[in-house]
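Data block below; observations after.
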Amino acid sequence: MTTTDTRTAALTALQNGRPIADIAAKTGLSTGQIAALAEAAGATSEHARTALRDLIEALAWGEQHDTKKARNLAARARRALTDLVQLRHEETAIAQAREEVAALKKQLADAEAKLRTVRTGGRTTAPATAAAGDGARTREERRAIREWARAQGHQVADRGLLPSHLITAYRNRA
């Protein structure tokens, strides 16, 4: 029997009301696989409850069994299920935290954009004639200030920022 045939047979048996333990024995599927099939197929919640009850009964049976092998299998199964549930909870918490972080990052970006708007007085970009770091507006003005300052007897470097007192004196020279 192929995997598809096995699943179809299991679903048909579920819909006909056969016990999950019988379906598991006949198809070789685990009760968990049968429960997943029932859920995926939109089977009633009664099927899911039956599958869950069968799992719980199997664990209890194994834990109380006379043989050590059955008890060990049941103990390992319970630990594995507990670990699986814990992992699911952790992953759910991580996913929720990531969503929260993304929302907060967006909120922070919006707040930073608003702050920039407030700080710049509503301007979204710097003015086209933004002042250089030394207050001189253009390369030509800086060149003219250097020439004027040298003519006035000041020592001025060929490159770099100009002292603000020279810029002020140049602009007030008239």
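Take the conditions closer than 30 Å to Thr6 by Cβ and of a type in the set (Gly, Ala, Ser) and apply them to Ala95. Does it pass?
Spelling it out, it is not the case that Ala95 is closer than 30 Å to Thr6 by Cβ and of a type in the set (Gly, Ala, Ser).
Go through segment 6-39 and count every residue that is within 39 Å of the chain's Cα centre (by Cα) and surrounded by fewer than 13 Cβ atoms within 10 Å (Cβ to Cβ).
1
Quick one: in segment 40-72, of everything that is in contact with a Gly (Cβ under 8 Å, 6 or more places away or on another chain) and at pLDDT 75 or above, which residue is surrounded by the most Cβ atoms within 10 Å (Cβ to Cβ)?
Top of the filtered list is Leu55.
State whether one or more residues within segment 63-70 are among the hydroxyl-bearing types (Ser, Thr, Tyr) and over 23 Å from Ala21 (Cα atoms).
No, segment 63-70 has no match at all.
The values are calculated or read from the model by the stated rules, or taken from the named source; none is laboratory data. This structure is a prediction, so every number in the text was calculated from the model and none was measured. Cβ: placed from backbone, ideal geometry, glycine included. Neighbour counts: every protein chain shown.
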